[in-house]
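As structure tokens, the structure follows; a few thoughts come after it.
Here, each number is a calculation from the coordinates, and none is a lab measurement. Quick caveat: nothing in here was measured; it's all calculated off a predicted structure.
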Amino acid sequence: MKGLTVILLLLVAIMVSTAAVQGGISSCCQRTSNTQIHRDLLKSYYIQQPPSCSIPAVVFTTISGRRICSDSSNTWTQTSMAYLDGKDWWNFKMLSENLEYRSPSRPSEELLQTATTIMFYNRSGIHHN
């Protein structure tokens, strides 16, 4: 009986630590809203999906830090995601052009790969600031 208690406590500890690493259960959207704001007020987004959270949603963060939980099939959601992706692409392009301009040689492949990796992780559901 003691062995079963220890195993159950271990499982609970693992579940709690997993939830904490993933931003906690409280950071999941429980429902989506139809809130639509001007795209210039959006800072970033990430996609939440089961099983980490109970419902799939696109979570936008505004420049003031407010979260907006949106349905991914919503047209505003899709165009806002594309807008933010384009903004990131533009920032990346400007970064690489500035690096080229500032140095006599082209930016290293390693630096460009790092910037590309950062953009990938920003769009793969990992929190993005």
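Below, the figures for the structure above:
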quantity	calculated
Phi-based couplings in Hz for segment 53-62 (Karplus 6.51, -1.76, 1.60; Gly and Pro marked x)	10, 6, 10, x, 6, 9, 10, 8, 10, 7
Net length gained if the chain between residue 72 and residue 55 were fully extended (0.36 nm per residue, minus Cα distance)	5.0 nm
